[in-house]
Amino acid sequence: MAHSHQPSDRHFDHCPWLFAEEASEEQRAAQRERQAEIGGDREIGERCFVAGSAAVFPDRLRLGDDSYIAAHAYVTGELTTGADCTLNPFTTVRGTVALGAGVRVGAHTSLLGFNHLMAPDRPVFRQPLTSRGITVGDDVWIGSHVVVVDGVTIGDHCVIGAGAVVTRDLPPWTVAAGNPARALRDRRDGGRGAAGRGRADKDPLPLRGFADMARAQAAEILARCWEGERYVDRPGAQATVRAHCDAVEIADLLLGAVPGQLTADAHIERLASAQDAVSGLVPEWGDPAPVAETDGFVGEGPALYHVLSVGYALDLLGSSFPHPVRGVRDMTARQLMARLEALPWRSGAWEAGAWIDAWATAAHWNDGPEPGSVEALFGWLLTRADPWSGMWGEPSVREGRLQVVNGYYRLTRGSFAQYGVPVPHPERVVDAVLDHARDVRYFGAGQENACNVLDVAHPLWLCGRQSGAGSGGDGYRAAEIRAWAERQLSATLPRWRAGEGFAFGPGTSPGLQGTEMWLAIIWYLADLTGRSAELGYRPRGVHRPEAARAR
């Protein structure tokens, strides 16, 4: 609709979709000031609009690009949205609420991500509050005058009819209405109900077909990244040790064989000979062995990850490191304690976790370091875990929980998961990881990279096994975990490039690292939904689900 004069601020409050194209420079400046005055921990994306009449008092706000909060909306607590989300006039959003991308919330709707307890020993207004949170997937339309209560997960592509009261989880593609809301049909079926589909278990995620396709193209992908002498991550890149290891992992995962460019013995000789006989570390091709620090081990550089990648590649090939990693073998418990205390837990929890991953993996390949050192590692970790998050390190305003969650994955992969030791505070970890997974900076539409998704999927899987939510179970926050995994699968499978595999993340080209990591991620996501058997493969290398060394 065309306007013969400049729309007023009140007009934009009620019709915010007009703001991006029709606002004056003065109105845009006023909107920037409006957004700046919102309190709490906030991040507001590009081309967003927050009505001046909206009551927005969040503890934490993450508003994705091209999203708006319209007139007289009431927002408190923690709200995270993907891109293109709309809160229409008079909506109420309270407690902990996470919306995916492309979510439409109708006027006068309430998303109430908190609750009161109701014990009979005191008045309701004196009862403590609880919050399990509300999770809404991508491409969801919630009509006007709907109420969604705490603890509910609404799957991708759902439509909720006006006036509904949603008290239970709704799977993807559900069209629901009523009080309490009930499923009417599957949105993909047009006017037909479930009976008209011929089968009630329609599969939106063709896992078997995907795995068959990946297997059929695996040899082509490996050949694409062989430059004649060595493997590169992708054509035109430098040859790296990791690329060779990724090739071994992909061939084992999809083909149950070694990469066809070399014989098994030649692969073993190439990787084993790369190990420095003195330090036991593997430098990058052509580089000298890294210089150890005063305690005998290194603190950074590619040699740390090569402890994992080369060690597991040799293991898959039926071999092992010819030499011990001496800095770990000879490190005393006292030296280990000093190193753990000195790791950058405040500023670089990922770096700290990566160091522990490499040290513990080297101890595994060595068949143990100095007596008592592994026990000292687990003792230190168990007594330093934050009981509120179950993790190590601290979130930051700049990065949120990114360092802490990603560091948790690396740390627990090499220690608790690899050694088969239960993690501390698994339910608190699930809370922290699901909170991080709502951060649109890392999980907004099209923002995900392999590290960030793996570093959520693996902790949810690892902790879910202890809390009963693993492999499609009904344990702690299981429905939310499954809904997140389903969304990630829906987004990930279409990213496969024929004959090239997966790119690591946005803005990168398909290569061996992205392919190896995403194949493992897909297994974990599928297992979180109880469907990993459909893939016909199971990681056996760096990303193996089983403990490599039972304690």
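So here's what we get for this one:
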{"item": "Calculated P(r) of the range 9-194 - Cα pairs past 19 Å, %", "result": "58"}
{"item": "Neighbour-count ranking [beta-carbon atoms within 10 angstrom, fewest first] of Cys48, Cys245", "result": "Cys48, Cys245"}
{"item": "Sequence-distant residues sharing a close amide H with Arg132 (under 5 Å, placed H)", "result": "Gly151"}
{"item": "Positive-pole candidate from Pro16, Asn88, Gly163, dipole of the range 9-194, charges at beta carbon", "result": "Gly163"}
{"item": "Potential extension, Glu300-Ser53 segment - 0.36 nm per residue separation minus Cα distance", "result": "83.8 nm"}
{"item": "Simple Cβ-charge dipole of the range 236-367, Lys/Arg +1 and Asp/Glu -1, about Cα centre, in debye nearest 20", "result": "200"}
{"item": "With Cα atoms, 0 to 90° folded angle of helix 25-36 axis to the chain main axis", "result": "60"}
{"item": "Expected 222 nm ellipticity per residue - DSSP helices of 4 or more, -39500 (n - 2.57), all of the chain, to 500", "result": "-10500 deg cm²/dmol"}
{"item": "Rg over Rh, two decimals, the chain (C-alpha only, Kirkwood Rh)", "result": "1.01"}
{"item": "Part-to-part distance (alpha-carbon centres) for the range 20-92 and the range 332-357, which is given in Å", "result": "41"}
{"item": "Amide hydrogen neighbours beyond the local backbone of Ile154, cut-off 5 Å, H modeled", "result": "Thr135, Val136, Gly137, Leu170"}
{"item": "The range 9-194, relative contact order in percent, only Cα pairs under 8 angstrom and at least six apart counted", "result": "11"}
{"item": "On Cα atoms only, tilt of 302-316 relative to the major axis of the chain in degrees", "result": "80"}
{"item": "Relative contact order (percent, whole number), the chain, Cα cutoff 8 Å, 6+ residue spacing", "result": "9"}
{"item": "Note, ³J(HN,Hα) from phi for the range 101-109, Karplus 6.51, -1.76, 1.60, rounded to Hz, x at Gly and Pro", "result": "8, x, 9, 10, 10, x, 4, 6, 8"}
{"item": "Rounded tilt (10° steps) of 478-492 against the dominant C-alpha axis of the chain", "result": "80"}
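Readers should treat all values here as calculations from the given coordinates under stated rules, not as data from a laboratory. Since this is a predicted model, take the numbers as computed values, not measurements. All Cβ positions, glycine included, derive from the backbone under ideal geometry; neighbour counts span all protein chains shown.
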